[in-house]
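Okay, structure first, notes after.
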Amino acid sequence: MTAPDPVRTKPSIVRVVGASLVGTTVEWYDFFLYGVAASVVFGDLFFPKGEQLTGTLLSFATFAVGFFARPIGGVVFGHFGDRLGRKNLLVLSLLMMGVATFAIGLLPTYAQVGALAPILLTVLRLIQGFALGGEWGGAVLIVSEHGDPARRGFWASWPQAGAPAGQLIANGVLAGLAAFQSEAAFNAWGWRIPFLLSAVLVLVGLWVRLKIEESPVFKEARTRQEPSDRMPLVEVLTRYPREVLTAMGARMAENVSYYIFTIVIATYAKEHLGLGKSFALNAVLIAAAIHFCAIPLWGALSDRIGRKPVYLIGAVGVGIWAFVFIALVDTKNFGLATLAVTVGLVLHGAMYGPQAAFFTELFGTRVRYSGVSVGYQLASIIAGGLAPFIAIALLKAYDSGYAISVYVAICAVISILAVTLYSETSKRDLTEL
C-alpha cells in the first residue's frame, strides 16, 4: 500500500476539522440560543402569565424536550451513518437544525394565539434535539477517523470547541441586542433576530461541509467487513453495554456543570439576585472565549498523558468549584462572577476536550456512529436536559444556590466512578476495533 503523501494529509485533516467545527458551531449556536432565550424571555412570551419562576420552569421544560429527542436522533442518524457513511448525515442534521431555528424566530406568542404558541415551540424544539442528536457523533467521528492517531485527542477536540463557539455567538448577539434595545423592544421583537440569523450561518456551514471527503476508516471498514444483518443499535447494546454506560456516566458531571455555568446562571442572576439579564450574558460571553481556547489544549494533553487523567481533573474540579462558583456569583460583582464562570468552563473543558476521542475509542467502526451517539445522547436526557429544570426547582425549594452546588457535586462523583473503572483508551487503533 502506498504511504499517504504528508503534504496532502495535513491540509486534508485541517479541512475536515474546519468543516466539523463550522457545522458544530452553527448547530450549538442554534441549540444554546434556545436555552438562553428560555432563561430570559420565553417564560413571558410563550406561557400564561403567573409567578415568574413558574414561567421559567415551564420554559425550561420545553428546553428539556429537545434533549429527549436527541437519543432518537442519535439512533436514526447513527443507523444510517454506520450503513451509508458520516458525511451525508452531517449535512442533513445541519439543515434540519437550521430550518427549525429559523422557524422559532417566526413563531406567534401566547398573547397572539394562546396555547398553540407553546405547542409550536415544543415541536420545533423536538426537531432541534433530533438534529443535534445526529450531529455530534458524526462530527467527532469524521475527524477522529481522518486524523493522526497520535494526535487524535487534539484534532477530535476541535468539533467540541464548536459548543463554546456557538455559545459565544449566541450570547454575543443576545447581549448586543440587550445593550442597544430597551427591554420592551427586546421582548417584543428583538429576541427574534438571532433565530432568523441562523439561516445565514447554516448556509455557510452547508457550503463547507459539502466539500469534505468521507471518513477513510469507514471506507476501509466497508471493504474489509461484510455488512451485518443486525441493526447497529442492537449490536451496540449487546456487544458494548459497558461502553455505553461508561459514556453515560462520564457525561454526568460534564453535561450538568456546563448548563449550570452557562444557562442556569442567567436565571439565577436575574430571579434570585435581582440583576439585569446582561450581567450573566456578558460573564458567559467572556468565559466562552477562554473555554474555546482551553478545549483543544486539554485534548492535546490527553494525547500525552491519557484520556482518563485529564477527564478526572475536570470531574473532580467542577465538583469542588460548584461551591466556589455560587459564592462568587452571590457577591453580585461582575468581575468575580466572570471568574466563577471562566474557571468553571476551563475545568469543564478538561472533560469535554478529550471526550470526543475517548468515546470514539470505545466502539468498533461498524457501529461507532450508533455507539457514540447513544452513549452521548442518552446521558443528555438525565444530565443536560433536566439540569436547568432540576437546578431551578432546587433554587425554588431551598432558596439557596448551594443546593445547586450539591447537585453538581453528586454528578461529579458519578463521572469520577465511571471514568476510573474503565481502562485507558488513548492507544487503541480505530481500524482494528
Under Karplus coefficients 6.51, -1.76 and 1.60, residue-wise ³J(HN,Hα) of segment 90-100 in Hz, glycine/proline x: 5, 5, 5, 5, 5, 5, 4, 4, x, 5, 5
The chain: calculated mean residue ellipticity at 222 nm from DSSP helix runs of at least 4, using -39500 (n - 2.57): -25500 deg cm²/dmol
Gaussian network model of the chain, Cα within-10 Å springs - most flexible of PRO354, PRO241, PRO71: PRO241
Among VAL256, VAL200, VAL40: highest mean-square fluctuation, GNM of the chain, C-alpha pairs under 10 Å: VAL200
In Hz, Karplus ³J(HN,Hα) per residue of segment 357-370 (6.51, -1.76, 1.60; θ = phi - 60°; x = Gly, Pro): 5, 4, 5, 4, 6, 7, 10, x, 4, 4, 10, 5, 4, 5
Percent carbon-and-sulfur accessible area, segment 270-393, ignoring ligands, DNA and RNA, probe 1.4 Å: 74 percent
Choice from ALA139, ALA379, ALA418 showing the highest fluctuation, given a GNM over the chain with Cα pairs closer than 10 Å: ALA418
Pairs from LYS211/LYS308; LYS270/LYS396; LYS277/LYS396; LYS219/LYS308; LYS219/LYS427 whose Cα-Cα separation, in the structure shown, is over 24 Å: LYS211/LYS308; LYS219/LYS308
Contact order relative to length of the chain, as percent, for alpha carbon pairs under 8 angstrom and 6 or more apart: 26 percent
Heavy atoms of LEU312: accessible area, 1.4 Å probe, square angstrom to 10: 40 Å²
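The values are calculated or read from the model by the stated rules, or taken from the named source; none is laboratory data. Computed from a prediction, not measured in an experiment: that's the story for all the values here. Quick note on the areas: whole protein, heavy atoms, side chains included, nothing else; ligands and nucleic acids left out. Shrake-Rupley method; radii C 1.70, N 1.55, O 1.52, S 1.80 Å.
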